[in-house]
Structure formats: C-alpha cells, structure tokens
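Enquirer: Sharing a structure below in structure tokens format, with a few things to ask.
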Amino acid sequence: MPFTPRVFSGIKPSGDLHLGNYLGAIRRFVPLQDTHQTIYCVVDMHAITVWQEPEDLRRWTYEIAAAYIAAGLDPKRSIIFNQSQVVEHAELSWIFNCVARMGWMARMTQFKDKAGENSEQVSLGLFAYPSLMAADILLYKSTGVPVGDDQRQHLELTRDIAKKFNHDFRKQIRDLGFEEDYFPITETLSTGPAMRVMSLRDGKKKMSKSDASDMSTIYMMDDADAISKKIKKATTDPEGLPTEAAGLENRPEAANLVAIYAALADKSVDAVLAEFGGHGWGKFKPALADLAVTVLSPVANEMKRLVGDRGEMDRILRDGAERARAIAVPHMEEIRNIVGFVR
Ligand code: TYM
C-alpha cells in the first residue's frame, strides 16, 4: 500500500524567529496544505538539548505557533502542536537511539559545530538530537519534509534510520501484514532561492537565532524602521547588480540580497536580475526594504495579536496535539509490536 502524502516539519523555540526561518521554512509550509496532509510542530523537546530559560521556552513556543498561523497556515487544515504534548515522540526516539549507531551521530556537522571543542560537556540530548528528529518525522510516516539547507544531513540520517529499521525488522513487518517497508524513505523538500539565508553583515555566515549582532538578522517581529535600517546597512561589494546569475558567483553578500528579494517576491533570481541588473545598490536596497516591509509587516502584526491571546493559542495547540495523537498512537502500537514489546 503506498504511503499517504504527508508532510511534517518543525521549528525549535530557542530564539526569536528570523527571515531565514520564514523564507527557508514557514513560507514554504503554506502551499503544501493543498497537496498533502500537513503537520507542523514546535519542537520544544529539541530546544532543551541546550539550556533554555523556562519562561523564554514558553514564550518562543507561542511565538512560533503564532508565526505558523500568521504566515497562512490554517489550524483546521494543518495539524499545529508542540512536540512535548505527544509523548510518542520521546518513545519512538528511544527505539531509534537503539537503531542508530554512535558513528552516525558523531558525523553530524551541526553537532560538531554546536559542541565545538567542548563535546564532553554538552548534553547527551544534543548528541541524540537527530534521532528525536527522525522520530518526529517517522512517527507520522511522513513522506516529505520542507526544511532549509542546514537540515539536509539530518534528513539523510532519518532515511538511514528508516532503512535500518525496515531491514532489521523485515520479518516482523511482514508478519504484521505489511508487504513492503514499514517506514517511508522521506524526501527532503528543499528548493527555491532562499534555502540558506545568510547574515546581512557577513555573507559567509548563516542567518541564525543565536547571532550576537542584531544588525545581521531580520527578526519576524522587527518593525518597518528596523527592517529598512538593517537592509540599507547590509554589507555589499563595490560592484552593482549583474545582469545574469553567473555574475553573483563569489559575491556572497550580493547573492544573498538578490536571493532574499527573489524569495519575498516569489520570482526567480533571473527575473530579479532582469529588473535590477546594471543598477547600483542605491536603487536595489530601498526596493528590497519596501518589499520586505510589505511582506513581513502583516505577518508580524498578526503574530503580535495571536501571542496576546494565550487562551486561543492553547486551544489550537491542544486540538493539534489531539489530532497528531490520532495518527501517532496507532503507529506506535504497531511499532511496539514489531519490536517485540509485550503489552
Ligand atoms: P531550526 O529551528 O534551526 O530552523 C527551523 C527551520 O528554518 C530553517 N532555517 C533556515 N533556512 C534558510 N536560511 C537560514 N538561515 C535558516 N535558518 C534556519 C531550517 O532549515 C528549518 O527548516 N532540527 C530542526 C527542527 C526539527 C525538525 C524536525 C525539522 C526538529 N524535528 C523534523 C523538520 C522535521 C531545527 O533545528 O530547525
């Protein structure tokens, strides 16, 4: 039996949401509602792999759920919830901890970046992070995961875990009546101009929730003045805009601003260069600032309204968790059975 077309994605409540999260992830979640069953999670259990002040964790959890809705997700069509409300995520991640190998985890570049020289001192959870991520995705037998480029390696590992589980338990999976694999081999959905939005100050650094420089990052809650100021002060090079995409090679700051424009305008990089090629930054930056304000301000306003209504947000998250459980619980029953747990 083919797998139901189902999309899962998640965002960590570990800092203020920024333009990279919006263009690389949230904005792309919306049209998938027309073609897939869609599940969008606030992954609070992932957030605590590094220390989070409990009050900040709670505030960011509401902020991300609000951003999902403000960006156009319909909580009736999509399942929107926070991970810790569906305990099956934790249960499946334990089983995956026993499927995945230490070496697989040790190769993860995000772990190496975060642990740095200090790998003896980071939490055990940070090491096992990708196993919980695989559990998020596979608990729902998700067939596609929209993410930015930085998550590609984690999704390869998710596929490795699915393959090893399908292989190790082949007999039990057959005995349960499945002709083929139990878990799908999930596809990474990562295409478009802004899969890796870079810092506005350094085109070689990814825009991230944890950047110390405020001017490098456009936050979803920034007001129009802050957005305009950050774009106008963004680092560029002395050349103007090229007429073709090849002219952006080895010019990371220029390439980044053009990619941001393309993603915000829903155009290709070529179409943006057809309009602005040959002009200087003095013309392009104000146009980009206007576009960014036009697109982002309504989202920020709606986010502010929603985070102010915790009763409504709690209701949406509880309802989402209930609908998520309706899929997760029967799957988890089967998985326990496959593994050989007595119930
Ligand atoms: P997180 O919270 O770091 O980021 C959330 C989403 O935003 C994307 N993103 C970016 N895209 C483009 N440019 C950037 N500068 C940029 N920064 C972040 C990320 O690629 C991501 O899509 N491990 C995940 C959360 C997670 C998850 C999952 C995702 C947990 N379980 C299951 C998908 C499926 C993370 O830390 O994302």
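The values are calculated or read from the model by the stated rules, or taken from the named source; none is laboratory data. Keep in mind the model is a prediction, meaning the values are calculated, not measured. Cβ sites come from the backbone with ideal geometry, for glycine too, and all protein chains shown count toward neighbours.
Enquirer: Provide a single number: the residues in region 188-197 that are in contact with a strand residue (DSSP E or B) (Cβ under 8 Å, 6 or more places away or on another chain) and either without any contact (Cβ under 8 Å) to a residue 60 or more places away in the chain or closer than 30 Å to residue 167 by Cβ (or both). Give the derivation first.
Expert: Kept after step one, since they are in contact with a strand residue (DSSP E or B) (Cβ under 8 Å, 6 or more places away or on another chain), are these residues of region 188-197: 188-190, 196-197.
Imposing the further condition that a residue be either without any contact (Cβ under 8 Å) to a residue 60 or more places away in the chain or closer than 30 Å to residue 167 by Cβ (or both) reduces the set to 188-190.
Number satisfying all stated conditions: 3.
Enquirer: Let me ask something else about it. Looking at (1) under 30 Å from residue 262 (Cβ atoms); (2) within 10 Å of the ligand (Cβ to nearest atom); (3) not small (Gly, Ala, Ser), which one does residue 36 not meet, given that it meets all the others?
Expert: (2)
Enquirer: Taking residue 152 as the residue in question, decide whether it is of a type in the set (D, E, K, R), under 15 Å from residue 9 (Cα atoms) and either touching a Ser or Thr at 6+ places or on another chain (Cβ under 9 Å) or exposed (fewer than 15 other Cβ atoms within 10 Å of the Cβ) (or both).
Expert: So residue 152 passes the test.
Enquirer: Which one of these does residue 193 not meet: (1) over 26 Å from the mean Cα position of the chain (by Cα); (2) modelled with pLDDT under 95; (3) not polar (S, T, N, Q)?
Expert: In the conditions (1) over 26 Å from the mean Cα position of the chain (by Cα); (2) modelled with pLDDT under 95; (3) not polar (S, T, N, Q), residue 193 misses (1) alone.
Enquirer: Does region 85-104 hold any residues that are in a helix (DSSP H, G or I), surrounded by fewer than 19 Cβ atoms within 10 Å (Cβ to Cβ) and free of Cβ contacts under 8 Å to residues at least 60 places away in the same chain, and which are they?
Expert: If the condition is that a residue be in a helix (DSSP H, G or I), surrounded by fewer than 19 Cβ atoms within 10 Å (Cβ to Cβ) and free of Cβ contacts under 8 Å to residues at least 60 places away in the same chain, then 90, 94, 97, 102, 103, 104 are the ones that fit.
Enquirer: Report whether or not residue 237 is surrounded by fewer than 19 Cβ atoms within 10 Å (Cβ to Cβ), more than 30 Å from residue 36 (Cβ to Cβ), outside the structural domain of residue 140 (by TED's automatic domain parsing) and touching a residue at least 60 places away in the same chain (Cβ under 8 Å).
Expert: Values: surrounded by fewer than 19 Cβ atoms within 10 Å (Cβ to Cβ): yes; more than 30 Å from residue 36 (Cβ to Cβ): yes; outside the structural domain of residue 140 (by TED's automatic domain parsing): yes; touching a residue at least 60 places away in the same chain (Cβ under 8 Å): no.
No, not satisfied.
Enquirer: Determine, yes or no, whether residue 78 is modelled with pLDDT of 95 or more, under 16 Å from the mean Cα position of the chain (by Cα) and in the same structural domain as residue 328 (by TED's automatic domain parsing).
Expert: On the way: modelled with pLDDT of 95 or more: yes; under 16 Å from the mean Cα position of the chain (by Cα): yes; in the same structural domain as residue 328 (by TED's automatic domain parsing): yes.
Yes, satisfied.
One line per residue, one yes/no per condition, for (1) farther than 23 Å from residue 149 by Cβ; (2) without any contact (Cβ under 8 Å) to a residue 40 or more places away in the chain:
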residue	(1), (2)
205	no, yes
208	no, no
213	no, yes
218	no, no
221	yes, no
250	no, yes
259	no, no
263	no, no
267	no, yes
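Enquirer: Counting just the residues of region 188-226 that are of a type in the set (S, T, N, Q) and part of a loop (DSSP other than H, G, I, E, B), which one comes out farthest from the ligand (Cβ to nearest atom)? It would help to see each step written out before you state the result.
Expert: Taking region 188-226 first, the residues of a type in the set (S, T, N, Q) are 188, 190-191, 199, 208, 210, 213, 216-217.
Those still in the list that are part of a loop (DSSP other than H, G, I, E, B) too: 190-191, 199, 208, 210, 213, 217.
On the way: 190: 8, 191: 12, 199: 8, 208: 6, 210: 10, 213: 14, 217: 9 Å.
That would be 213.
Enquirer: Out of curiosity, is residue 161 in contact with a Pro (Cβ under 9 Å, 6 or more places away or on another chain) and either hydrophobic (A, V, I, L, M, F, W, C) or assigned to a helix (DSSP H, G or I) (or both)?
Expert: Numbers: in contact with a Pro (Cβ under 9 Å, 6 or more places away or on another chain): yes; either hydrophobic (A, V, I, L, M, F, W, C) or assigned to a helix (DSSP H, G or I) (or both): yes.
Yes.
Enquirer: Of all residues in region 167-180, which are surrounded by 17 or more Cβ atoms within 10 Å (Cβ to Cβ) and either under 18 Å from residue 144 (Cα atoms) or aliphatic (A, V, I, L, M) (or both)?
Expert: 173 - this is the single residue of region 167-180 that is surrounded by 17 or more Cβ atoms within 10 Å (Cβ to Cβ) and either under 18 Å from residue 144 (Cα atoms) or aliphatic (A, V, I, L, M) (or both).
Enquirer: Now, a different point. For region 70-84, state whether one or more residues are assigned to a loop (DSSP other than H, G, I, E, B), farther than 30 Å from residue 297 by Cα and without any contact (Cβ under 8 Å) to a residue 12 or more places away in the chain.
Expert: Keep residues of region 70-84 that are assigned to a loop (DSSP other than H, G, I, E, B), which gives 71-78.
Now restrict to residues that are farther than 30 Å from residue 297 by Cα: none.
Taking every residue of region 70-84 in turn, none turns out to be assigned to a loop (DSSP other than H, G, I, E, B), farther than 30 Å from residue 297 by Cα and without any contact (Cβ under 8 Å) to a residue 12 or more places away in the chain.
Enquirer: Within region 36-51, does at least one residue satisfy the condition of being over 25 Å from residue 219 (Cβ atoms), of a type outside the set (Val, Ile, Thr) and part of a loop (DSSP other than H, G, I, E, B)?
Expert: Looking through region 36-51, at least one residue is over 25 Å from residue 219 (Cβ atoms), of a type outside the set (Val, Ile, Thr) and part of a loop (DSSP other than H, G, I, E, B).
Enquirer: Check 70, 47 and return the single one that is in contact with a Leu (Cβ under 7 Å, 6 or more places away or on another chain), more than 12 Å from the ligand (Cβ to nearest atom) and either closer than 30 Å to residue 119 by Cβ or assigned by TED's automatic domain parsing to the domain that holds residue 129 (or both). Outline the logic, then answer.
Expert: Values: 47 fails: more than 12 Å from the ligand (Cβ to nearest atom).
The conditions single out 70.
Enquirer: Taking only region 239-263 into account, find how many residues are in contact with a strand residue (DSSP E or B) (Cβ under 7 Å, 6 or more places away or on another chain) and polar (S, T, N, Q). Before the answer, list the steps.
Expert: Of region 239-263, the ones in contact with a strand residue (DSSP E or B) (Cβ under 7 Å, 6 or more places away or on another chain) are 252, 256.
Within this subset, residues satisfying the condition of being polar (S, T, N, Q) are 256.
Of the residues in region 239-263, 1 are in contact with a strand residue (DSSP E or B) (Cβ under 7 Å, 6 or more places away or on another chain) and polar (S, T, N, Q).
Enquirer: Residues that are in contact with a strand residue (DSSP E or B) (Cβ under 7 Å, 6 or more places away or on another chain) and farther than 25 Å from residue 301 by Cβ: does region 177-187 have at least one? Spell out how you get there, then give the answer.
Expert: So in region 177-187, the residues in contact with a strand residue (DSSP E or B) (Cβ under 7 Å, 6 or more places away or on another chain) come out as 186-187.
This time we only want the ones that are farther than 25 Å from residue 301 by Cβ, so: 186-187.
Looking for residues that are in contact with a strand residue (DSSP E or B) (Cβ under 7 Å, 6 or more places away or on another chain) and farther than 25 Å from residue 301 by Cβ, one finds at least one in region 177-187, hence yes.
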